Amino acid sequence: MEQTNPTDGQKTHTKFDDFRVHHVLAYSYSVYFTALIVGLLADMVIKVPHGIPFSPFVGFIFLLLGTVFVVWAQSTSQKTHKPRTQESTLSMSQFAQGPYVISRSPTHVGLFFLLFGLGLLMNSLIILLVAILALFLTRFIFITKEEKLLEEKYGQHYLEYKNSKKFWL
């Protein structure tokens, strides 16, 4: 929902716009939490090792990378939110900051890395498969919806950013 600033005629965005985007994000993040719980419970019942060599070491690396991506993405979002509230000050470079230079959805990449790393660390094929399923669910259901909302909210500036960056890495 856009409003026009009466002093300069520029479009501004309401808190409702932010709520809609954050509402979709909350659901997408909850997919990873649900996947974690389902994966752990299923792994307790049906232990299926994956047999990947060096998996504890690789899993630990994934856990570290996932943590860095999530913290960096959330920190960058908080720092750059205020400058993106007025249409007159928008540019593609305001979206491409921090980990958003690498990926359009670094928090989702980080959450996937965390869950996948846990599967490697625990030698659990079930958790690895659940992580991949969570990635596809969030990518094709929630992130698609989030990106439509961002296109409505920011228009051409977001489309330029979206076309210049990959979802993944």
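Just a yes or no: is a residue in segment 134-142 aliphatic (A, V, I, L, M) and either at pLDDT below 90 or in contact with an Asp or Glu (Cβ under 6 Å, 6 or more places away or on another chain) (or both)?
Here is the first cut: in segment 134-142, the residues aliphatic (A, V, I, L, M) are 134-135, 137, 141.
Restricting the remaining residues to those that are either at pLDDT below 90 or in contact with an Asp or Glu (Cβ under 6 Å, 6 or more places away or on another chain) (or both) gives none.
Checking segment 134-142: not a single residue is aliphatic (A, V, I, L, M) and either at pLDDT below 90 or in contact with an Asp or Glu (Cβ under 6 Å, 6 or more places away or on another chain) (or both).
Cβ-Cβ contacts under 8 Å between residues 6 or more apart (or on different chains), taken from a first residue in segment 122-137 that is more than 14 Å from Leu40 (Cβ to Cβ) and touching a residue at least 60 places away in the same chain (Cβ under 8 Å) to a second residue that is surrounded by 22 or more Cβ atoms within 10 Å (Cβ to Cβ) and aliphatic (A, V, I, L, M), are listed as Leu133/Ala35. Beta carbons closer than 8 Å, at least 6 apart along the sequence or on distinct chains, pair a first residue in segment 92-120 that is at positive phi with a second that is among the aromatic types (Phe, Trp, Tyr) for Gly98/Trp72.
Suppose the filter is surrounded by 16 or more Cβ atoms within 10 Å (Cβ to Cβ) and at pLDDT below 85; does Met122 pass it? In short, no.
Considering only residues in segment 45-91 that are among the charged types (D, E, K, R) and surrounded by fewer than 12 Cβ atoms within 10 Å (Cβ to Cβ), the one that is modelled with the lowest pLDDT turns out to be Lys82. Residue-level check: of (1) modelled with pLDDT under 90; (2) surrounded by 15 or more Cβ atoms within 10 Å (Cβ to Cβ); (3) of a type in the set (A, V, I, L, M), Ala35 misses just (1).
The values are calculated or read from the model by the stated rules, or taken from the named source; none is laboratory data. All values reported here derive from a predicted model rather than from experimental measurement. Every residue, glycine among them, receives a Cβ derived from its backbone with ideal geometry; neighbour counts consider all protein chains shown.
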